[in-house]
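Here's the structure we're looking at; comments come further down.
Values in this text are rule-based calculations from the coordinates and carry no lab data. Nothing here was measured: the structure is a model prediction, and the numbers come from that model. Cβ atoms come from the backbone with ideal geometry, glycine included; neighbour counts cover every protein chain shown.
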Amino acid sequence: MRTPSSSGFDLWEAVDGLRENFPRMAGYMNSGQPGQTGRMGRGDVRTAILVALAKEPMHGYQIIQSIEASTNGAWKPSAGSIYPTLQLLSDEGLVSSEQVGERKVYSLTEAGKEAAAEFSSGPTPWEPRRSWNSDRNTALPKAGAKLAQAAAQVAQSGTAEQRERAVAAIDEARRTLYSILAED
């Protein structure tokens, strides 16, 4: 049974937040590995579409297939991320569309070609920007998962006073982590 602490902060919400965020990090650890899917950010979908359309005009499903082929199956964006992004790119004047038969075929405008050219020399969205394979880079997500497990145990078995102290400890840890990022 989930009960909020007397401080008004729900320890379970904190645990759920950790659980929600660490699978995303695990997805980044897996992205780029054939046969494993990784979640990409919205900006990455945008870039991937521009890179795909730089090759040739395509309809939405072809764009999805092109991205999947470029990543050796590691990333297959959904239609729910491709089509809204195509609309956004169209609104920005970077792509245009033409009805060809029953399909809408998208191509880059001159502005879109310029935007796509920016990515031709750098890493594509599916190329790993960091190496997540080392113990050093997986240590933080593992530590966070262990913290979530400990918090869940305190939430389940601890007294009201212990839960309040746990909330304070997690709040302090969060502040400490942000202060680390704020260092010069």
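Show which lysines lie in cross-link reach of Lys55 when reach means a straight Cα distance below 25 angstrom and same-chain residues fewer than eight apart are skipped.
Cα-Cα hits under 25 Å: Lys76, Lys104, Lys113.
Just to confirm a number: summing +1 for Lys and Arg and -1 for Asp and Glu over residues other than Gly93 whose beta-carbon lies under 13 angstrom from that of Gly93, what do you get?
Taking every other residue near Gly93 into account, the sum is -3.
Per residue of the stretch 44-51, in order, report the coupling 6.51 cos²θ - 1.76 cosθ + 1.60 (Karplus, θ = phi - 60°) as ³J(HN,Hα) in whole Hz, putting x for Gly and Pro.
Result, ordered by residue: 5, 5, 4, 4, 4, 5, 4, 5 Hz.
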